[in-house]
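Asker: One structure follows; several queries about it will come next.
The values are calculated or read from the model by the stated rules, or taken from the named source; none is laboratory data. None of the values given here were measured: they were computed from a predicted structure. As a convention, Cβ positions derive from the backbone with ideal geometry for all residues, glycine included, and neighbour counts pool all protein chains shown.
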Amino acid sequence: MRASVVGAGAWGTALANVLAQNGHEVTVWAHEPDVVQDINDVHENRAFLAGCPLDGRVRATSDAREAVDGAALIVVAAPSPHVRAVIRPITPRAGTVVAVASKGIEHGTLALMTDVVAEEWDAQVVALSGPSFAAEVASRQPTAVVAASADGSPAQRVQDWFSNDVFRVYTNADVVGVELGGALKNVMAVATGIAEGLAYGFNTRAALITRGLAEMARLGAALGASPATFAGLAGMGDLVLTCTGSLSRNRAVGVAIGQGMRLEDALAGKSTVAEGVNTTESASALAARHGVEMPIVEMVRRVLFERYDARRAVAELMTRDLRAE
């Protein structure tokens, strides 16, 4: 099978390598000329996934149309704020299977990434999400993720193309739940990072993770998602990984903020994207649109964008009106 990956960050590169190791020919589109050269000449993405050798069936190009030409599968892995702009000039074959691995909520439209792709392309769209640090996937550590499509057939094809002895893909019909889980867990990881930066301990982290999951499921229910999805890999699984793992970019940004750093300084010089920062404002707006209370998301938004005192914000979460769980 010929596949294309649009976006050569760490996650896109790791997914391209999984497909190549499964015997597929993979073309990666990269914006950066040095990334294209590295992948083609030294079989490594030293900018975003250093130290992880790539299968020889992975090649790169800076021509997006060339990348998707003839592909039966396109994986969209660009940062969520740029997905629409990146894919708009490209016209894949009608009915192509598109696995959307970008996680986020589009600013302004508040559209999920699968909706963005479906608006731009005539394709069979699948959400691909779950607890998966790119470096660990690239080093072939056992990983399980979810492929979701309303019609089961596209998700099953993605499952078949990606699955191997160390990368296991489950299918799900709840696209909204899988997408929201992947997007909102990044906001919760920023929250737990802030608490860690304030030198709060494991009790606080556990409370934020658990109550964060409740907020995620509450918004999901308002958008028609299944509560069970948030107990699975794309919900609890990804949430725990991103809130506790040392490789989490979102958690690291939160730690810096909790320690008193300004947001622009916490983000400065980073080659990788902390999607939780981009998603926070969109998640807050989406919750307001549907009348859903999300106090942790709102706390993160105020701390990040209004420079509200982080310690005071945590105290306010703890002194909200008492209620049943």
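Asker: Would you mind finding the one in Val100, Val137 that is β-branched (Val, Ile, Thr) and under 21 Å from Thr279 (Cα atoms)?
Answerer: On the way: Val137 fails: under 21 Å from Thr279 (Cα atoms).
Step by step, each of Val100, Val137 is checked, and only Val100 is β-branched (Val, Ile, Thr) and under 21 Å from Thr279 (Cα atoms).
Asker: Name the residues in the range 78-137 that are assigned to a strand (DSSP E or B) and of a type in the set (S, T, N, Q), would you?
Answerer: Taking the range 78-137 as the starting set, the residues that turn out to be assigned to a strand (DSSP E or B) are 96-100, 105, 112, 123-129.
Scanning the range 78-137 gives Thr96, Gln124, Ser129.
Asker: Would you tally the residues in the range 33-77 being in a helix (DSSP H, G or I) and of a type outside the set (Val, Ile, Thr)? Write out each step before concluding.
Answerer: At the first step, the residues of the range 33-77 found to be in a helix (DSSP H, G or I) are 33-41, 64-68.
Add one more test, that the residue is of a type outside the set (Val, Ile, Thr), and what stays is 33-34, 37-38, 40-41, 64-67.
Summing the residues that are in a helix (DSSP H, G or I) and of a type outside the set (Val, Ile, Thr) in the range 33-77 gives 10.
Asker: Working only within the range 157-202, note down all residues that are hydroxyl-bearing (Ser, Thr, Tyr) and surrounded by 24 or more Cβ atoms within 10 Å (Cβ to Cβ).
Answerer: Hit for the range 157-202 is Thr192, nothing else.
Asker: So which residues in the range 143-194 are polar (S, T, N, Q), part of a strand (DSSP E or B) and within 16 Å of the chain's Cα centre (by Cα), if there are any at all? Talk me through it step by step, then tell me what you get.
Answerer: We begin by selecting, within the range 143-194, every residue polar (S, T, N, Q); these are 143, 149, 153, 156, 159, 163-164, 171-172, 186, 192.
Subsequent filtering for residues that are part of a strand (DSSP E or B) retains 143, 171-172.
Passing the criteria: only Thr143.
Asker: Go through the range 240-264 and report how many residues are over 15 Å from the mean Cα position of the chain (by Cα) and hydroxyl-bearing (Ser, Thr, Tyr).
Answerer: Restricting attention to the range 240-264, the residues satisfying the condition of being over 15 Å from the mean Cα position of the chain (by Cα) are 244, 246, 252-264.
Now restrict to residues that are hydroxyl-bearing (Ser, Thr, Tyr): 244, 246.
Within the range 240-264, residues that are over 15 Å from the mean Cα position of the chain (by Cα) and hydroxyl-bearing (Ser, Thr, Tyr) number 2.
Asker: Within the set of pairs 6 or more residues apart or between chains, which connect a residue that is assigned to a loop (DSSP other than H, G, I, E, B) inside the range 247-263 to a residue that is modelled with pLDDT of 95 or more with Cβ atoms less than 6 Å apart?
Answerer: As it stands, the answer is Leu247/Phe133; Ser248/Ala189; Ser248/Thr242; Gln259/Gly197, since those pairs meet every condition given.
Let's see how each residue does on (1) polar (S, T, N, Q); (2) surrounded by 21 or more Cβ atoms within 10 Å (Cβ to Cβ); (3) farther than 27 Å from Ala118 by Cβ:
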| site | (1), (2), (3) |
| --- | --- |
| Ala8 | no, yes, no |
| Ala16 | no, yes, no |
| Leu19 | no, yes, no |
| Val26 | no, yes, no |
| Ile39 | no, yes, yes |
| His43 | no, no, yes |
| Arg65 | no, no, no |
| Gly70 | no, no, no |
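Asker: Of the residues that make up the range 286-304, is at least one modelled with pLDDT under 95 and either over 20 Å from Asp174 (Cα atoms) or part of a helix (DSSP H, G or I) (or both)?
Answerer: So the first thing to find is which residues in the range 286-304 are modelled with pLDDT under 95, and the list is none.
Checking the range 286-304: not a single residue is modelled with pLDDT under 95 and either over 20 Å from Asp174 (Cα atoms) or part of a helix (DSSP H, G or I) (or both).
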